[in-house]
1. If you check Asn97 against the conditions, is it at pLDDT 65 or above, under 13 Å from the mean Cα position of the chain (by Cα) and in a loop (DSSP other than H, G, I, E, B)?
2. Which one of Arg52, Arg67, Arg33 is at pLDDT below 90 and in contact with a strand residue (DSSP E or B) (Cβ under 7 Å, 6 or more places away or on another chain)?
3. Quick check: is even one residue across segment 70-86 loosely packed, with under 15 Cβ neighbours inside 10 Å, of a type in the set (Asp, Glu) and modelled with pLDDT under 85?
4. Need pairs with beta-carbon distance below 6 Å; first residue surrounded by fewer than 15 Cβ atoms within 10 Å (Cβ to Cβ) and within segment 17-35, second of a type in the set (A, V, I, L, M); sequence gap 6+ or separate chains.
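The values are calculated or read from the model by the stated rules, or taken from the named source; none is laboratory data. Note that the structure is predicted; figures quoted are calculated from it, not measured. A quick note on method: Cβ atoms are made from the backbone with ideal geometry, for glycine too, and the neighbour counts reach across all protein chains shown.
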Amino acid sequence: MAESNYGQQVSLFGKDVYSLSPLIDTLANLVCRVNLNSSCQRGPDVYPFTGRKDSAQATLSVHDALRSFSIRTFVAFKDNELNNETIEQLLGAKVSNFLSTDYIL
């Protein structure tokens, strides 16, 4: 992934937050989207475009590019009981540096 010229997605499957957390933290710096318990797919147009590398060439206005590229990547998941519980555990355990609701103001 690090050697590729294109931004990519990755899918992680599981519910053990201690296994998922280090993977999410590492992959958030390599891909534009981490899918939790779902396959890679084209996202709805309401998601910000977070293309990386050559995947982002000539696709956005300057305003949109600055706004979109300020978001490194995001974690996408389907709204179901398993995923909601997993995300709550990830946030509650504070084991991920990427997935956090602690913000410096």
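1. Values: at pLDDT 65 or above: yes; under 13 Å from the mean Cα position of the chain (by Cα): yes; in a loop (DSSP other than H, G, I, E, B): yes.
Answer is yes for this residue.
2. Working: Arg52 fails: in contact with a strand residue (DSSP E or B) (Cβ under 7 Å, 6 or more places away or on another chain); Arg67 fails: in contact with a strand residue (DSSP E or B) (Cβ under 7 Å, 6 or more places away or on another chain).
Among Arg52, Arg67, Arg33, only Arg33 is at pLDDT below 90 and in contact with a strand residue (DSSP E or B) (Cβ under 7 Å, 6 or more places away or on another chain).
3. No, there is no match, as no residue in segment 70-86 is loosely packed, with under 15 Cβ neighbours inside 10 Å, of a type in the set (Asp, Glu) and modelled with pLDDT under 85.
4. Leu23/Leu12
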